[in-house]
Amino acid sequence: MARALRALAQLMGWSCVVIGVFHLLLGNAAIPGAGSAGATVDSWGRFMGASFAGYGLAWLWAARQRPIPAPAVRWLAGVFLLGGVGRLISLAVHGWPQWFQIALAVIELGLPPVFFWLAGAEERALRDGAETVPAGR
């Protein structure tokens, strides 16, 4: 489980860093369907791109820890899930977005439970492993 959690956390981290930098550099052009949304949305999008890159760096930090801290994974996955909930609220208020945004919502709502499960499994494996080591070693 540790290997799967580490690989998925690294993939998540690098994906977020690349996407964040992409948005930071391209602004509105990085958002499907928002080509001429104006300076305010461009400014917001570039700021959020930098924030998303930082979020990715937090994933990479967690993936480098030995063992991977399950609470950090849960918090990071929870933030990602909250982003998916935000997309659902937008859907309810404004209707269906561009198709790529729907695909992202599916990922944002579907991937966090996998992280929650892997973090819990790794935490249990570590705890069970610690219980089997004789005292004094």
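The values are calculated or read from the model by the stated rules, or taken from the named source; none is laboratory data. What you see is a predicted model; the values in this text were computed from it and never measured. Every residue, glycine among them, receives a Cβ derived from its backbone with ideal geometry; neighbour counts consider all protein chains shown. In case anyone asks, the SASA skips ligands and DNA or RNA and just uses the protein heavy atoms, side chains included. Shrake-Rupley method; radii C 1.70, N 1.55, O 1.52, S 1.80 Å.
Structure data summary
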quantity: Single unsatisfied condition, Phe100 versus (1) in contact (Cβ under 8 Å) with a residue 60 or more places away in the chain; (2) open to solvent by less than 60 Å² (accessible area, probe 1.4 Å); (3) part of a helix (DSSP H, G or I); (4) not hydroxyl-bearing (Ser, Thr, Tyr); calculated: (2)
quantity: Filtered residues of segment 37-85 (kept if under 12 Å from Gly27 (Cβ atoms) and either touching a residue at least 24 places away in the same chain (Cβ under 8 Å) or touching a Cys at 6+ places or on another chain (Cβ under 8 Å) (or both)); calculated: Met48, Gly49, Ala50
quantity: Answer from Gly20, Gly38, Gly56 - the residue that is over 30 Å from Glu122 (Cα atoms) and of a type outside the set (S, T, N, Q); calculated: Gly38
quantity: Meets criteria (part of a helix (DSSP H, G or I) and open to solvent by 20 Å² or more (accessible area, probe 1.4 Å)) for Ser15; calculated: yes
quantity: Members of segment 90-131 that are of a type in the set (Gly, Ala, Ser) and modelled with pLDDT of 90 or more; calculated: Ser90, Ala92, Gly95, Ala103, Ala105, Gly110, Ala119, Gly120, Ala121
quantity: Filter result for the condition that a residue is assigned to a helix (DSSP H, G or I) and free of Cβ contacts under 8 Å to residues at least 40 places away in the same chain, over Leu24, Leu5; calculated: Leu24
quantity: Complete set of residues in segment 49-73 that are open to solvent by less than 80 Å² (accessible area, probe 1.4 Å) and either assigned to a loop (DSSP other than H, G, I, E, B) or not small (Gly, Ala, Ser) (or both); calculated: Phe52, Tyr55, Trp59, Leu60, Gln65, Pro67, Ile68, Pro69, Pro71, Val73
